[in-house]
1. Relative contact order for the chain: what is it in percent, counting Cα pairs under 8 Å that are at least 6 residues apart?
2. Under 8 Å for C-alpha pairs, at least 6 residues apart: give me the relative contact order for segment 1-90, rounded to a whole percent.
3. In whole Å, what is the distance between the alpha-carbon centres of segment 11-27 and segment 193-208?
4. Solvent-accessible area of Leu175, probe 1.4 Å, all protein chains present, reported in Å² to the nearest ten, please.
5. Just check segment 1-50 against the gyration tensor rule for me: Cα atoms, a ≥ b ≥ c as the square roots of the eigenvalues, rounded for a/c under 1.5, and otherwise prolate or oblate depending on whether a/b exceeds b/c.
6. Among Ser60, Thr73, Leu96, which residue has its Cα furthest toward the positive end of the charge dipole of segment 16-100, with +1 on Lys/Arg Cβ and -1 on Asp/Glu Cβ?
7. Please give the length that would be gained between Arg102 and Ala79 if that part of the chain were fully extended, namely 0.36 nm times their separation in residues minus their C-alpha to C-alpha distance (nm, one decimal).
8. Provide the gained length on full extension for the span Glu170 to Ala222, in nm with one decimal, where the gain is 0.36 nm per separating residue minus the Cα-Cα distance.
Amino acid sequence: MKAIIVDDEQLARQIVREFLSHHPEIEIVAECPNGFEAVKAITELKPDILFLDIQMPKLSGFEVLELIDHDVTVIFTTAYDEFALKAFEVHAADYLLKPFSRERFDEALEQTKKRIPDSTRLDAIAEESASRTKPLERILVRDGAKVHIIPIESIDYIEAQDDYVSIKTEGKSILKQARLSALEQQLDEKKFIRIHRSYILNIERLAKIEPYAKDSRVAILADGTRLQVSRAGYARLKIHL
């Protein structure tokens with residue numbers, strides 16, 4: 001079985017490595033000091049088990065899971081029991097509260113190995129991560145082994161494109177696999193308004209609204225972009241204008 005250790009503390013990684021040395025069936029294929037390296041390593045190496053810290057700079061452990069597609073069994077290693085309990089509730093294989101003993105580590109590993117044939121339910125973990133962080137302060141988009149971090153305030157609008165959304169920001173369009181309705185639930189409803197079934201608008205980018213057709217209008221953004229506004233969308237806009 002292949003394993004990856006993710007923790008921003010070198011000593012914490014060394015402890016997990018030492019404990020794993022007593023389990024020759026486990027091969028450590030990578031150690032990562034931050035979430036960015038973890039996403040890259042998981043994508044490329046496809047481990048069976050992930051020892052994952054939660055509180056890390058730049059990307060949290062939950063955000064790492066949100067960005068990966070690979071189905072991996074997760075053991076959280078954390079100094080914060082409140083995060084560990086949430087991880088357990090969303091079906092992580094186990095959590096280890098630092099400092100943990102070798103006996104506790106062995107127990108978690110044995111239980112985890114029994115679960116490996118089953119799914120770790122990453123979708124549930126990702127959904128839990130998303131709901132926990134509402135409203136979003138940034139959107140994460142994985143592009144191969146790279147990660148784009150889009151600050152919420154830089155977004156002009158978001159457009160639905162089947163199973164994807166196109167995020168318009170700073171003159172660029174970035175695709176993310178997500179439903180517009182699901183993303184809408186995670187945004188600040190005072191700043192981002194669903195103006196049409198295909199559009200969510202950052203209200204700070206709105207310059208003016210003009211009639212378009214019967215029961216519909218067009219929103220004109222500061223950069224001249226024109227977005228159709230439905231009757232229901234206009235009603236929502238008026239509340240915030």
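The values are calculated or read from the model by the stated rules, or taken from the named source; none is laboratory data. Computed from a prediction, not measured in an experiment: that's the story for all the values here. Neighbour counts are summed over all protein chains in view; Cβ atoms, including those assigned to glycine, are modelled from backbone coordinates with ideal geometry. Accessible surface areas use protein heavy atoms only, side chains included; no ligands, DNA or RNA. Shrake-Rupley method; radii C 1.70, N 1.55, O 1.52, S 1.80 Å.
1. Relative contact order, the chain: 11 percent.
2. RCO, segment 1-90: 30 percent.
3. 51 Å
4. Ignoring ligands and nucleic acids, Leu175 comes out at about 100 Å².
5. Here segment 1-50 falls in the oblate category.
6. Working it through, the farthest residue towards the positive pole turns out to be Ser60.
7. Details: separation 23, 0.36 × 23 = 8.28 nm, distance 1.60 nm.
Additional length available on full extension: 6.7 nm.
8. 17.5 nm
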